[in-house]
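Each remark here refers to the structure printed beneath this line.
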Amino acid sequence: MVVGGGGREHAIIKKLKESKEISELYALPGNGGIASDAVCVDIAAVDIDSIVDFAVRNKIDYAVVAPDDPLVLGAVDALGKKGIPCFGPDSKAAIIEGSKVFSKNLMKKYSIPTARYEVFSDMEKALEHLDTAPVPTVIKADGLALGKGVIIAETRDDAKSAVRSMMEERVFGKSGENIVIEEFLTGPEVSVLAFTDGETVVPMVSSMDHKRAYDNDEGPNTGGMGTVAPNPYYTKDVAERCMREIFLPTVRAMKAEGREFRGCLYFGLMITPDGPKVIEYNCRFGDPETQVVLPLLESDLFTVMRAVTDGRLSECEVKFKDRSACCVVMASKGYPVKYEKGYKIEIPEEISDNVFIAGAKLEDGSLVTSGGRVLGATAVADTLEEAVRGAYEFVGRIKFENAFYRGDIGKRALAAKE
Ligand code: AMP
Ligand code: GLY
């Protein structure tokens, strides 16, 4: 049983389907595209009681909880109480994403490199701090905010409006009760997803997200408009340093705090002039990172997941293909602000294995758009250049009205390689 219903979950499900040990797969709630690969059950990913009830009634053998909200809300704890083994951290460990104040304090306590910061629960104090803080500065809401809780302010006035919108107007609700104001860092960003059983850490192939809506990294922040893997900025030296200074110290810190993390730990890193630093942790697979990372996984995903759950990751071989992948997200025009839905999607049968559906539903047997990010088209090839070309070739063959996508996914990575 896979909890969730986006492109990431479709990528997880397609990979799990390759495992000989899995005979039946359920997605809660899944989506119109996932329905071709798993039985979709109309239960929301945050409806923990109904998820547990469904799992018990259907004798589910194993559950993968993919999105942040059910993890933070304790889905793994609740399933565990019924004896259902899960992939994903319990709520005590998921706090590493659920609270930025927690994760920043963890990094400070254990000397894990990150941006300098201050925490505020009092708005007046935050505003006063901004009178002298250097700009640009970064304002972050403490709790989950659908990936929108981070504001980079170029001026002190912008910074103050951001603080007011979070702490006074409460645009992110309770998530803005406490805020973090932190130093603005510069450098290329790298996403590293890692399997960990609380002891052993096995980083997956690195990737690069493209968060802004428009070409040349302009426009509003989105959930991610495309990804490539591996990320050329993640050199062997950087990887070794990250393992030593960030990955192992983080996993050990969580254990020392009585919050052993089992699942996929996502490190959002910036390679600054002073070395790699943590921008954010996520307690789950990233989206659309997963749509390039899992297609490169050579090992059986289900075997690896169970090793994570059972604390046997050190005995498990985790192999990635020595190839490259590119995922281009096709969204509805107007995303992430306002967009129309309900348009019919046409995907040629022969490329459907390369398409992960995110926001689409079935209507009278045809797939129609139902979300901002509609799908991701992923190509795997021997070189990054071919993968990028391949992904755009797929995009050219997929049709729906009001489709919108970036034309430059992979461009920065290709330039970096040169
Ligand atoms: P997040 O939602 O935490 O991933 O943040 C969104 C984006 O904001 C990140 O991908 C970075 O590009 C940027 N960001 C977050 N924190 C910082 C920082 N301290 N310095 C510079 N950019 C940042
Ligand atoms: N792509 C960024 C995330 O999953 O949070």
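Applying a threshold of 7 Å to beta carbon distances and a minimum spacing of six or more residues, or different chains, the list of pairs starting in segment 258-271 at a residue that is acidic (Asp, Glu) and ending at one that is surrounded by fewer than 24 Cβ atoms within 10 Å (Cβ to Cβ) reads Glu260/Gly198.
For the criterion of being open to solvent by less than 20 Å² (accessible area, probe 1.4 Å), more than 13 Å from ligand 1 (Cβ to nearest atom) and not basic (Lys, Arg), Gly263 passes.
Output the residues belonging to segment 356-366 that are part of a strand (DSSP E or B) and either open to solvent by 30 Å² or more (accessible area, probe 1.4 Å) or not hydrophobic (A, V, I, L, M, F, W, C) (or both).
As a first pass, look at segment 356-366 and keep what is part of a strand (DSSP E or B): 356-357, 360-363, 366.
Lys361, Leu362, Glu363, Ser366, listed by residue number.
Assess whether Ile96 counts as being under 25 Å from the mean Cα position of the chain (by Cα) and surrounded by fewer than 20 Cβ atoms within 10 Å (Cβ to Cβ). Walk me through it before giving the result.
Working: under 25 Å from the mean Cα position of the chain (by Cα): yes; surrounded by fewer than 20 Cβ atoms within 10 Å (Cβ to Cβ): no.
Criteria not met by Ile96.
Within segment 1-73, which strands (runs of 3 or more DSSP E) (wholly inside it) include 3 or more residues that are of a type outside the set (Gly, Ala, Ser)? Quick ask: steps written out before the conclusion?
Numbers: elements: 2-4, 26-29, 63-65.
Answer list for segment 1-73: 26-29.
Somewhere in segment 303-314, is a residue away from ligand 1 (no atom under 16 Å from the Cβ), modelled with pLDDT of 95 or more, touching a Cys at 6+ places or on another chain (Cβ under 7 Å) and of a type in the set (Ser, Thr, Tyr)? Yes, the conditions are met somewhere in segment 303-314.
Filter segment 121-141 for residues that are part of a loop (DSSP other than H, G, I, E, B) and hydroxyl-bearing (Ser, Thr, Tyr); which is farthest from ligand 1 (Cβ to nearest atom)?
The first filter runs over segment 121-141 and keeps only residues part of a loop (DSSP other than H, G, I, E, B), leaving 121-122, 131-136.
Those still in the list that are hydroxyl-bearing (Ser, Thr, Tyr) too: 121, 132.
On the way: Ser121: 20, Thr132: 18 Å.
My answer is Ser121.
Within segment 355-392, the set of residues being small (Gly, Ala, Ser) and without any contact (Cβ under 8 Å) to a residue 12 or more places away in the chain comprises Gly365 only. Looking at Ala63, Ala94, Ala126, Ala75, can you tell me which residue is among the small types (Gly, Ala, Ser) and over 22 Å from Ala194 (Cβ atoms)? On inspection, the qualifying residue turns out to be Ala126.
For segment 99-121, the set of residues classified as in contact (Cβ under 8 Å) with a residue 60 or more places away in the chain, farther than 23 Å from Met166 by Cα and surrounded by fewer than 17 Cβ atoms within 10 Å (Cβ to Cβ) consists of Lys109, Tyr110, Ser111, listed by residue number.
The set of residues from segment 288-301 being open to solvent by less than 30 Å² (accessible area, probe 1.4 Å) and over 19 Å from the mean Cα position of the chain (by Cα) comprises just one member, Ser299.
Within segment 241-257, can one find any residue that is open to solvent by 10 Å² or more (accessible area, probe 1.4 Å), over 20 Å from Glu97 (Cα atoms) and not in a loop (DSSP other than H, G, I, E, B)?
The answer is yes; a qualifying residue exists.
For segment 62-100, a tally of residues being out of contact with any Phe, Trp or Tyr (no Cβ under 8 Å at 6 or more places or on another chain) and either under 15 Å from Val46 (Cβ atoms) or at pLDDT below 95 (or both) returns 19. The residues on offer are Phe320, Phe285, and the sole one that is touching a helix residue (DSSP H, G or I) at 6+ places or on another chain (Cβ under 9 Å), open to solvent by 30 Å² or more (accessible area, probe 1.4 Å) and not charged (D, E, K, R) is Phe320. Taken over segment 177-221, residues that are buried (at least 23 other Cβ atoms within 10 Å of the Cβ) and more than 28 Å from Met305 (Cα to Cα) amount to 2.
The values are calculated or read from the model by the stated rules, or taken from the named source; none is laboratory data. Bear in mind the structure is a predicted one, so any value in this text is a computation, not a measurement. Positions of Cβ are backbone-derived with ideal geometry, glycine not excepted, and every protein chain shown enters the neighbour counts. Please note that ligands, DNA and RNA were not included when accessible areas were found on the heavy atoms of the full protein model with its side chains. Shrake-Rupley method; radii C 1.70, N 1.55, O 1.52, S 1.80 Å.
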